[in-house]
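**Student:** Below is a structure I'd like to ask you about.
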Amino acid sequence: MSMIKQGTIPVLVIALGSLAFPSAGISEGQHAHDMKDKTKAKHEYKPNTSLEARKIKNVLTAYGEAVSRGDIEKIGAFLTGNSFSVVEGKHANWGWRDYRDNHLKPEFSSERFKLLDYAIRNIRVGEGHMLSYAVYDYELTYELDGEKKNKKGMGTAILESKKGGWLIRHIHSS
């Protein structure tokens, strides 16, 4: 079949057109609700209070507590093993071993860096059957070269339903 008969060309045209003509809500790299001359967008979110959403929130909260304590073994218990991935800013780790050995262990044993607290809050769950996602706020308190610092950001987690419950398959934080 040709690309036109399969509908690929129209989809490609729409996708490329969206790049060439961005929406009116985005101008010069600014998000619509960050623009001073525009009315701020109201974001309404109805919390998901289902049993599965509560389980997902509990997993993420407990994961954050394990990170805060520097409990590497417990952190690993919340992850999907070799299929786990994490992206923090511009850095990525692929699989539990990579994350543990090349990120967590060096960070937790650093003489320059000391983690004081890591908390995950305001968790918003999008629930699926086998995969779900959560968007959350995080706060990181640490010392770097003896100076106390604080970082706040947002993260997205993709969780996978396993026989033992929900496990974290991917985390992206900014």
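**Student:** In region 24-81, which residue that is among the hydroxyl-bearing types (Ser, Thr, Tyr) and at pLDDT 55 or above is nearest to residue 158 (Cα to Cα)?
**Tutor:** Ranking the qualifying residues of region 24-81, first place goes to 80.
**Student:** Testing residue 89 on (1) under 18 Å from the mean Cα position of the chain (by Cα); (2) surrounded by fewer than 16 Cβ atoms within 10 Å (Cβ to Cβ); (3) without any contact (Cβ under 8 Å) to a residue 60 or more places away in the chain, one condition comes back false. Which one is that?
**Tutor:** Every listed condition holds for residue 89 apart from (3).
**Student:** Any residue in region 114-129 that is within 10 Å of residue 47 (Cα to Cα) sitting within a Cβ distance under 6 Å of a residue that is aliphatic (A, V, I, L, M)? List the pairs, counting only those 6 or more apart or interchain.
**Tutor:** The qualifying pairs are 123/60; 123/134; 124/135; 125/53; 125/56; 125/134.
**Student:** Considering (1) exposed (fewer than 15 other Cβ atoms within 10 Å of the Cβ); (2) touching a helix residue (DSSP H, G or I) at 6+ places or on another chain (Cβ under 9 Å), say which one residue 164 fails and leave the rest.
**Tutor:** Checking residue 164 against (1) exposed (fewer than 15 other Cβ atoms within 10 Å of the Cβ); (2) touching a helix residue (DSSP H, G or I) at 6+ places or on another chain (Cβ under 9 Å), the one that fails is (2).
**Student:** Which ranges mark the strands (runs of 3 or more DSSP E) fully within region 64-145 that have 2 or more residues being at positive phi?
**Tutor:** none
The values are calculated or read from the model by the stated rules, or taken from the named source; none is laboratory data. What you see is a predicted model, and the numbers here were worked out from it, not measured in a lab. No Cβ is skipped: glycine too gets one built from the backbone with ideal geometry, and neighbour counts run over all protein chains shown.
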